[in-house]
Amino acid sequence: GNSVTQMEGPVTLSEEAFLTINCTYTATGYPSLFWYVQYPGEGLQLLLKATKADDKGSNKGFEATYRKETTSFHLEKGSVQVSDSAVYFCALRFWGAQKLVFGQGTRLTINP
Amino acid sequence: EAQVTQNPRYLITVTGKKLTVTCSQNMNHEYMSWYRQDPGLGLRQIYYSMNVEVTDKGDVPEGYKVSRKEKRNFPLILESPSPNQTSLYFCASSPGTNTDTQYFGPGTRLTVL
């Protein structure tokens, strides 16, 4: 079946550190890929997306590239801030369907 | 302001006592969905609705019911809650089939004793 696997958390970094959160997927076909972010006490918000191979999604300094050959969509940011502390979810969705298939989430804490 | 609202935000109840979690969106979205979030499992879909009077099961529908009598509302009903339904619940909506953005509510934390 279709599934998403994220790196185990929690992840703790210092401010201005480089961030990578790994995400790999298993899917029949070519889904769209997403990163959602959940700030404390809030619902999920779309952070970025990519709809086909080699697409790069970017937003708020975060980037992720759709790699079909490695079935990956790793999230990166060059210099994290305390305000980036949140839970990050990788997800996939197929064209014509609305259901999102989520990874288990990665809790990120940034210390000043 | 465009939003998805859920009520209550927090609920502690006992086994077997029927409860309803409400979800409402003000964006005239056709699609609505319920997810539960559990540690180490991410979010899993419970039920979804493509439009008024059209609902279908997601991946973990056991123990839940839904209804969609109006476009804006999509309540989640637990007829006889059990402790394994203790979870964080999210309602989501989107305009239609091929749009990428889903809007999530703030979540309802349910504890069943």
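No lab work stands behind these numbers, since they all come straight from the coordinates. Everything quoted here is computed from the prediction, not taken from an experiment. Neighbour counts run over all protein chains shown; Cβ positions are idealised from the backbone, glycine included.
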Exercise for review: Using packing as a proxy for protection, rank B:39-51, A:6-18 so that the peptide with the highest average count of other Cβ atoms within 10 Å comes first.
Suggested key: B:39-51, A:6-18
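Once you keep just the Cα pairs under 8 angstrom separated by 6 or more residues, what percentage relative contact order results for the stretch B:1-47?
Relative contact order comes out at 32 percent.
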Practice item. Filter the cross-link list A:60/B:57; A:68/A:99; A:99/B:69; B:18/B:57 down to pairs whose alpha-carbon distance in this structure exceeds 24 Å. Key: A:60/B:57
Study note, to complete from the structure: One checks the Cα atoms of the protein assembly as shown and finds Rg and Dmax, in Å, of 17.5, 51
Review point. Counting Lys and Arg as +1 and Asp and Glu as -1, each charge on the Cβ, what is the dipole of chain A about the Cα centre in debye, to the nearest 20?
Key: 420 debye
**Study point:** Cβ neighbours within 10 Å from other chains - mean over A:92-102
**Key:** 5
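What is the packing order of peptides B:85-91, A:75-81, taking the mean over residues of other C-beta atoms within 10 Å and listing the highest first?
On the way: B:85-91: 21.0, A:75-81: 16.3.
Most protected by this proxy first, the peptides run B:85-91, A:75-81.
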**Study point:** Debye, to nearest 20: dipole size of chain B, +1 on Lys, Arg Cβ, -1 on Asp, Glu Cβ
**Key:** 360 debye
Review point. Quick one: net charge of residue B:88's neighbours, Cβ under 14 Å, K/R +1, D/E -1?
Key: +3
**Study point:** J(HN,Hα) series, the stretch A:91-96, from Karplus relation 6.51 cos²θ - 1.76 cosθ + 1.60, nearest Hz, glycine and proline x
**Key:** 8, 10, 8, 9, 4, x
Revision key, fill the gap. Inter-chain shielding metric for B:105-112, i.e. average beta-carbon neighbours from other chains within 10 angstrom, reads 2
**Study point:** D_trans [Stokes-Einstein, Kirkwood Rh over alpha-carbon pairs] for chain A, 10 °C, 1.306 mPa s, µm² s⁻¹
**Key:** 113 µm²/s
Revision key, fill the gap. Among B:49, A:62, A:86, the residue whose Cα sits farthest towards the positive end of the charge dipole of the protein assembly as shown, when +1 is placed on the Cβ of each Lys and Arg and -1 on the Cβ of each Asp and Glu, is B:49
